[in-house]
1. Looking at the range 1-51, which of its residues are modelled with pLDDT of 90 or more and hydrophobic (A, V, I, L, M, F, W, C)?
2. Could you check the range 2-36 and list, in sequence order, the residues that are surrounded by 10 or more Cβ atoms within 10 Å (Cβ to Cβ), of a type in the set (Gly, Ala, Ser) and farther than 30 Å from Arg58 by Cα?
3. I'd like to know if the range 37-45 contains one or more residues that are open to solvent by 90 Å² or more (accessible area, probe 1.4 Å) and more than 15 Å from the chain's Cα centre (by Cα).
Amino acid sequence: MPLPRNPRPKHRPGQSRSSRRRKHAKRWLADKIIGRFVRYAELLEQKRQQDITNGTYRPPLENLGQEKAPGLATEGFSSFFREKEVSG
């Protein structure tokens, strides 16, 4: 003789219907946003692969923090402040 069925409860006791709806809406929104980011990453990868095959690919700039004219920085030159004139 088979054992009696134990149906899965539709909700946990103590939770209201609105809290279940809110939880569902948050989960749906998170899944939607994550899905869009994944799709955007796929599109960027496809574009990068297409650029590589067409020969128009440029690797990302690695040294964005460096100044464009490093010689001026080493000489103490600053475009924001006027240098004091040495009288003498």
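1. Selection gives Ala25, Trp28, Leu29, Ala30, Ile33, Ile34, Phe37, Val38, Ala41, Leu43, Leu44.
2. Within the range 2-36, Ser19, Ala25, Ala30 qualify.
3. The answer is no; no qualifying residue exists.
The values are calculated or read from the model by the stated rules, or taken from the named source; none is laboratory data. Since we're looking at a predicted model, the values are computed, not measured. Ideal geometry is used to build each Cβ from the backbone, glycine not excepted, and the neighbour counts take in all protein chains shown. Ligands, DNA and RNA are stripped out before the accessible areas are found, and what is left, the full protein with its side chains, is counted by its heavy atoms. Shrake-Rupley method; radii C 1.70, N 1.55, O 1.52, S 1.80 Å.
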